[in-house]
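**Student:** Questions regarding the structure given below will be posed in turn.
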Amino acid sequence: MRRGTQVTAGEQRRATIRDVARQAGVSTATVSRVLNQNYPVAESTRERVETAMRELGYVVNAHARALAGVSARTVGIIVNEIVDPFFAFIARGVEREAARTGRLCLVCCAQSDPRRELAFVDLLHEQRA
């Protein structure tokens with residue numbers, strides 16, 4: 001279990017901006033400023049906030065940020081290579097089923113790069129896919 005998260009009824013609670021602020025010893029406004037990069041924040045403070053976010057597994061809630069087009073009706077698939085017939089066949093099936101049920105399908109191609117794969121996992125979490 002990640003530090004700072006609570007488990008209730010078998011489910012892990014996602015860390016919130018308040019959890020990050022508490023762990024970093026700053027206000028929620030400061031965490032917001034670090035996230036949005038819209039106001040100067042001391043480098044040491046920024047580092048504390050970013051460390052707290054990593055430790056807690058904090059993922060930006062795109063819904064809370066009111067990003068256009070974000071919906072709980074999104075599914076995602078991460079494949080190694082989209083041009084590989086095996087992965088293309090799977091992606092096509094996922095996309096067809098998503099379309100049939102009125103969902104948006106995000107297909108991500110990691111290209112054998114573990115860093116890209118992890119970045120896509122974070123993106124899909126952020127999009128609540």
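The values are calculated or read from the model by the stated rules, or taken from the named source; none is laboratory data. In this text, all values refer to a predicted model and were calculated from it rather than measured experimentally. Quick reminder, even Gly has a Cβ in these numbers, built from the backbone with ideal geometry, and neighbours come from all protein chains shown. With ligands, DNA and RNA removed, areas are computed over all heavy atoms of the protein, side chains included. Shrake-Rupley method; radii C 1.70, N 1.55, O 1.52, S 1.80 Å.
**Student:** Provide the packing ranking of 121-129, 35-43, i.e. peptides ordered by the mean count of other C-beta atoms within 10 Å per residue, highest first.
**Tutor:** On the way: 121-129: 16.8, 35-43: 10.7.
Sorting 121-129, 35-43 by mean packing, highest first, produces 121-129, 35-43.
**Student:** For an R0 of 41 angstrom, estimate the FRET efficiency from the Cβ-Cβ distance between Gln37 and Phe86 and round to the nearest 0.05.
**Tutor:** Numbers: r = 40 Å, r/R0 = 0.98.
In this case the efficiency is close to 0.55.
**Student:** Next question, about the same structure. Protein chains only, probe 1.4 Å: how do Phe89, Phe120 rank by accessible area, largest first?
**Tutor:** The ranking, largest first, comes out as Phe89, Phe120.
**Student:** May I ask you to evaluate 6.51 cos²θ - 1.76 cosθ + 1.60, the Karplus curve with θ = phi - 60°, for each residue of segment 98-104 and list the ³J(HN,Hα) values in order in whole Hz, giving x for glycine and proline?
**Tutor:** Listing the rounded values in order: 4, 4, 4, 9, x, 10, 8 Hz.
**Student:** Right, another one. Can you give me the long-range amide H partners of Ile78? Hydrogens built in the peptide plane at 1.01 Å from N, cutoff under 5 Å, separation of 5 or more residues or another chain.
**Tutor:** Amide H neighbours of Ile78: Cys108.
**Student:** Moving on. Taking the Cα centre of each part, how many Å lie between segment 84-108 and segment 38-52?
**Tutor:** Between the Cα centres of segment 84-108 and segment 38-52 lies a distance of 39 Å.
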